[in-house]
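Below you'll find the structure, written out as structure tokens, and then a few comments.
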Amino acid sequence: MIELTNVTKSFNSGRPNQFTAVRDVSLVIEPGRVTVLKGPSGSGKTTLLSLIGCMARPSSGRIRLRGVRAPFLPDGAEGPGFDVSGLPERFLTSIRRETFGFIFQQFNLVKGITVIENVMLPAYPTGEGRTSARDRVLGLLDMFGIARHAASRVEHLSGGELQRTAIARALVNNPAAIIADEPTAHLDSALSIEFMDIVGRLKSEGKTVIIASHDPLVYGSGLADRVVEMRDGLVTDTGDTE
Amino acid sequence: MTLHPAVLALLASSLTVSAMVLYAGWYGMAVRAKWDINSGSEVQVGLERRTYLVSTILGYALVFQLLSLFLFIYTADDLHKLFTGAMCAAGTLNVNGFGYPVLILKVVNFILAGVWLIINHVDTRGYDYPLIRVKYALLGLLAPLVLLETLLMFGFFSGLRPDVITSCCGSLFSSDRPGIAGDLASLPYTIVRPVFFASIAATTVSGLLFYLKGRGAYLFSAVSGTTFLVASASLVSFICLYYYELPTHHCPFCILQGEYGHAGYALYASLLAGAVSGAGVGALAPFRDRASLKAVISGVQRRLAVVAVVMYLLFTALVSYRMLVSSFRLGGD
């Protein structure tokens, strides 16, 4: 479970050009469910995702993770959860790497290297053996129907194959939560529906999925357990579609 | 002022370290006043973000503070050629009233800075900033001493006048001279020598017991600190006699010179490393039950105990080797 308490994120604090992207957001994101952050451009969805995914720190407020076994926690300490917004960077890295998988709007795959190399990238810092990581990656590629492209460079893939490669990369460290930022923004309707099918599979496997999107195919798909509406950095509706 | 490159380097580094310590000390006051890990206020989140940067920069500054002790004694030794009567660093430090206070402060600050670095190292391995108040409280003690050291160092270097006739080390560390140096030189070797080897043995035994059993941190730390004092006194009392092969020359600075293979640097480095490591074991002991440090602190303490014992044994090996190969014998032994 991810619990946000009075989270605010400002840029250029104290300067004339100060901009507050997220204002006083309090939210509880339940595990194993699909939560969609919905709102127009500039509403703070991406900033909130980056705070939840530990890629940025809030200017004030706290973000706690519960039910996550972090390697640095002493035995029994995981019960009440722990605050990720204040964690020193050396601990935050392992959380970012092992708890969250990220799918970006532009997919951010590395050109010039192959599909399998792209998917294996997040596994390298974990210290896992290359053979076992490679076997796992091949299993993921097979699951997403792109195993035959394993040795192809990513610039030779179609839009749908790029999307599935990006999803496979997000799953390579078997994270508890998947964070997707406008994943269907550059996809046609068929590929967007395919993406939501994959989200449905992840949900059935017990993954927590958090998606920022203003695409009706995403927040209206029926897979979303909860649609959180945002505007001007504020949560205007913490609605639950169930 | 003598515009020697090393003098300029020391003054520049002292100013830099002082500025950093001053800023970190001011920041530390804010931490001690406002730190509340349970709060998500903008102030608290800002403190958390900045402490990592401040600690890292201060860590590098204090590493230079450690190294600057050796640069200072090297400089004092190198400058002795400018002063009539001086034979080594002892004479240079005696040119004005600031020399020896600076040296003593540098040694004290070396140990405090070393302990601060150890506490900071452990603090950064806890996920909830477990020792943040402790390390900034220690900085509150260290900062004024570093600033005082800088002031005195300016006084020392700006007061180095080549027309001053200073005393040589043979006079300063004469057993007939009243004062601490004379008292140390006149300590009877028949007592100091066995006490020195006994203190090294006690440090080794208590260190091994701590390493094996994980108990007796305070005892080991106290024994280690005592050994540092005994070994320092022993250097003046009898150890340097074996290097100089003279029964009346007790100077602890001449052994820094090339004539004696710069042996003093190895002796002082091993002694100070032993003292800091030993002090670190005791300094960490009160915090071993902190939840986020349970898995960290005992390992760090054990490694520090090993380092302390190894450094003291290295010091003893260097001394013993010299005692064995030297043609000089005390009391016909």
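Among residues of the range B:25-54 that are touching a residue at least 40 places away in the same chain (Cβ under 8 Å), those with a Cβ under 9 angstrom from a residue that is surrounded by fewer than 16 Cβ atoms within 10 Å (Cβ to Cβ) and not in a helix (DSSP H, G or I), sequence gap 6+ or separate chain, pair up as B:48/B:37.
Would you mind listing the helices (runs of 4 or more DSSP H) fully within the range B:177-235 where at least 3 residues are at pLDDT 95 or above and on the phi < 0 side of the Ramachandran plot?
Working: elements: B:180-185, B:189-213, B:217-234.
Those helices (runs of 4 or more DSSP H) span B:189-213, B:217-234.
Taken over the range B:37-67, the criterion of being away from chain A (no Cβ under 11 Å) and either closer than 30 Å to residue A:22 by Cβ or among the β-branched types (Val, Ile, Thr) (or both) is satisfied by B:50, B:54, B:57, B:63. Pairs linking a residue in the range A:83-103 that is aromatic (Phe, Trp, Tyr) to a residue that is modelled with pLDDT under 85, with Cβ atoms under 8 Å and 6 or more positions apart or on different chains, are A:91/A:70; A:91/A:72.
Among A:95, A:103, A:52, A:113, which is of a type in the set (A, V, I, L, M) and farther than 19 Å from residue A:177 by Cβ?
Values: A:95 fails: farther than 19 Å from residue A:177 by Cβ; A:103 fails: farther than 19 Å from residue A:177 by Cβ; A:52 fails: farther than 19 Å from residue A:177 by Cβ.
Residue meeting the stated conditions: A:113.
So how many residues does the range B:237-263 have that are closer than 25 Å to residue B:65 by Cα, in contact (Cβ under 8 Å) with a residue 24 or more places away in the chain and in a helix (DSSP H, G or I)? Qualifying residue count, the range B:237-263: 3.
Taking the condition of a type in the set (Lys, Arg), in contact with a helix residue (DSSP H, G or I) (Cβ under 8 Å, 6 or more places away or on another chain), more than 14 Å from chain B (Cβ to nearest Cβ) and outside any loop (DSSP other than H, G, I, E, B), does residue A:148 pass?
Details: of a type in the set (Lys, Arg): yes; in contact with a helix residue (DSSP H, G or I) (Cβ under 8 Å, 6 or more places away or on another chain): no; more than 14 Å from chain B (Cβ to nearest Cβ): yes; outside any loop (DSSP other than H, G, I, E, B): yes.
So residue A:148 fails the test.
Put simply, of B:91, B:85, B:97 the only residue that is more than 14 Å from chain A (Cβ to nearest Cβ) and at positive phi is B:85.
The listed residues are A:123, A:70, and the only one of them that is surrounded by fewer than 20 Cβ atoms within 10 Å (Cβ to Cβ) and either at pLDDT below 90 or more than 14 Å from chain B (Cβ to nearest Cβ) (or both) turns out to be A:70.
Among B:63, B:115, B:122, which is under 18 Å from the mean Cα position of the chain (by Cα), among the β-branched types (Val, Ile, Thr) and over 18 Å from residue B:18 (Cβ atoms)? Outline the logic, then answer.
Details: B:63 fails: over 18 Å from residue B:18 (Cβ atoms); B:122 fails: under 18 Å from the mean Cα position of the chain (by Cα).
Only one candidate passes the filter, namely B:115.
Among the residues of the range B:95-112, the one identified as surrounded by 19 or more Cβ atoms within 10 Å (Cβ to Cβ), under 16 Å from the mean Cα position of the chain (by Cα) and among the aromatic types (Phe, Trp, Tyr) is B:110. For the range A:1-18, a tally of residues being aliphatic (A, V, I, L, M) and in a loop (DSSP other than H, G, I, E, B) returns 1.
Residues in the range B:1-48 that are crowded, with 16+ Cβ neighbours inside 10 Å, outside any loop (DSSP other than H, G, I, E, B) and in contact with a Gly (Cβ under 9 Å, 6 or more places away or on another chain): B:25, B:28, B:44, B:45, B:48.
For the range A:1-53, a residue qualifies if it is free of Cβ contacts under 8 Å to residues at least 40 places away in the same chain and of a type in the set (D, E, K, R), and exactly one does: A:15. Count of the range B:268-306 residues, restricted to those that are within 21 Å of the chain's Cα centre (by Cα), over 11 Å from residue B:211 (Cα atoms) and not polar (S, T, N, Q), is 15.
One residue alone among B:184, B:152 is under 27 Å from residue B:110 (Cβ atoms) and assigned by TED's automatic domain parsing to the domain that holds residue B:76, and that residue is B:152. The set of residues in the range B:294-317 being surrounded by 18 or more Cβ atoms within 10 Å (Cβ to Cβ) and either within 14 Å of chain A (Cβ to nearest Cβ) or of a type in the set (S, T, N, Q) (or both) consists of B:296, B:297, B:301, B:316. Across the range B:128-164, the qualifying residues are those that are closer than 17 Å to residue B:56 by Cβ and within 14 Å of chain A (Cβ to nearest Cβ), and the one among them that is farthest from the chain's Cα centre (by Cα) is B:129.
The values are calculated or read from the model by the stated rules, or taken from the named source; none is laboratory data. Predicted model only: the values in this text are computed from it and were never measured. Positions of Cβ are backbone-derived with ideal geometry, glycine not excepted, and every protein chain shown enters the neighbour counts.
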